[in-house]
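As structure tokens, the structure follows; a few thoughts come after it.
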Amino acid sequence: MNDSKAPIGILGGTFDPVHHGHLRLAMELATDLKLAQVRLIPNGRPPHREQPGATPGQRAKWIRVAIADEPRLALDDRELMRKGASYTVDTLASLRADFPDNPLCLIMGRDVFAKLPSWHEWRQLFDYAHIVLIERPGLSATYAPEAAAELEQRSSENVDDLHHNLAGVIYNYAPPPLAISASRIRQLIASGASPRYLLPAAILDDIMDSEIYRSPTSEAKE
């Protein structure tokens with residue numbers, strides 16, 4: 001049990017690029033769940049999806065720029081510094097060593113949780129952290145039997161359970177809808193269309209200057 005220190009949120013992803021959907025979700029979680037902070041952790045080499053188009057340095061820089069004025073959000077680049085595949089269980093073990101007295105809240109979509117048994121040493125995740133499940137409008141999930149069993153056993157509707165236990169709770173959270181995706185931003189840039197207002201202006205300017213995501217024939221359209 002731990003009543004003295006607030007939980008730390010862990011929001012991982014490729015952030016390829018980071019956008020307002022990521023940032024607003026992190027802020028909503030920090031406020032509604034009374035988190036000490038939310039740490040944005042860009043994947044190094046994610047084993048379950050395509051490798052990012054932007055370099056680790058670019059993705060880290062974009063997050064740093066996006067959250068520069070918000071103390072409740074923090075860039076955590078430990079996966080970018082690690083060699084080999086980025087396994088979440090290793091990241092959580094490292095975070096637990098750094099924050100032994102804070103509950104940790106691993107944030108993921110319900111569709112991701114449905115396939116959790118395919119992850120490396122997935123059962124150990126509950127030894128290190130709570131899981132906060134994000135409801136995503138329009139997405140349905142068919143749970144692996146083992147994931148469904150954990151959901152039934154560990155679910156709580158009481159946010160205080162995230163504060164009073166270091167790990168092991170599954171909490172459902174439905175944020176206000178904000179339909180923005182990194183893949184849509186990349187598609188717009190590749191086609192020559194503008195994704196302005198979907199992500200921070202400074203990050204978009206850097207993307208356009210570096211020509212990342214641009215197809216050889218695309219021309220920017222404002």
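Loop only by DSSP, 10 or fewer other Cβ within 10 Å of the Cβ. Give me the trypsin sites (Lys or Arg not before Pro) in the stretch 43-100 that pass, ordered by residue number.
Qualifying residues, ordered by number: ARG49, LYS83.
Give a quick list of GluC sites (Glu not before Pro) in the stretch 43-131 that DSSP marks as loop, anything other than H, G, I, E or B, with at most 13 other Cβ atoms within 10 Å.
Of the GluC sites (Glu not before Pro), the ones in loops of the stretch 43-131 whose Cβ has at most 13 other Cβ atoms within 10 Å are GLU50, GLU121.
Using only Cα atoms, find the angle between the long axis of helix 88-98 and the longest principal axis of the chain, and express it within 0 to 90 degrees, rounded to the nearest 10.
Roughly 70 degrees between the two axes.
Using each residue's phi in the stretch 149-154, evaluate 6.51 cos²θ - 1.76 cosθ + 1.60 at θ = phi - 60° and report the 3J(HN,Hα) Karplus result to the nearest Hz, with x for Gly and Pro.
In residue order, the calculated couplings are 5, 5, 4, 5, 6, 9 Hz.
Show which aspartates and glutamates lie in cross-link reach of LYS115 when reach means a straight Cα distance below 18 angstrom and same-chain residues fewer than eight apart are skipped.
Here the aspartates and glutamates satisfying the reach criterion relative to LYS115 are GLU50, GLU135, GLU146, GLU150, GLU152.
Can you compute the charge dipole magnitude of the stretch 83-222 about its Cα centre, using +1 on each Lys and Arg Cβ and -1 on each Asp and Glu Cβ, nothing else charged? Give it in debye, rounded to the nearest 20.
460 debye
Could you pull out every one of the aspartates and glutamates with an alpha carbon less than 15 Å from that of LYS5, ignoring same-chain neighbours closer than 8 positions?
ASP98, ASP101, ASP160, ASP161
For the chain, find the longest principal axis of its Cα atoms and tell me its angle to the long axis of helix 56-66, 0 to 90°, nearest 10.
Compared with the principal axis, the helix lies near 80 degrees.
Can you give me the long-range amide H partners of ILE131? Hydrogens built in the peptide plane at 1.01 Å from N, cutoff under 5 Å, separation of 5 or more residues or another chain.
Amide H neighbours of ILE131: LEU106, GLY168, VAL169, ILE170, TYR171.
Please list 51-57, 18-24, 160-166 highest first by mean number of surrounding beta-carbon atoms within 10 Å per residue.
Ranked from most to least packed, the peptides come out as 18-24, 160-166, 51-57.
Enter the accessible area per residue of the chain (Å², integer; probe 1.4 Å; all protein chains in place).
50 Å²
When the accessible area of the stretch 7-165 is computed with all protein chains present and a 1.4 Å probe, what percentage of it is carbon and sulfur?
Carbon-and-sulfur percentage of accessible area, whole number: 48.
Just to check I understand the Karplus step: with θ = phi - 60° and J = 6.51 cos²θ - 1.76 cosθ + 1.60, what whole-Hz values come out for the stretch 32-43, glycine and proline as x?
The phi angles translate into 5, 9, 6, 7, 5, 6, 10, 9, 8, 10, x, 4 Hz.
Note the full-extension length gain between ASP160 and GLU211 as 0.36 nm times their separation in residues minus their Cα-Cα distance, in nm to one decimal.
In short, 13.8 nm is gained.
The values are calculated or read from the model by the stated rules, or taken from the named source; none is laboratory data. Note that the structure is predicted; figures quoted are calculated from it, not measured. All Cβ positions, glycine included, derive from the backbone under ideal geometry; neighbour counts span all protein chains shown. With ligands, DNA and RNA removed, areas are computed over all heavy atoms of the protein, side chains included. Shrake-Rupley method; radii C 1.70, N 1.55, O 1.52, S 1.80 Å.
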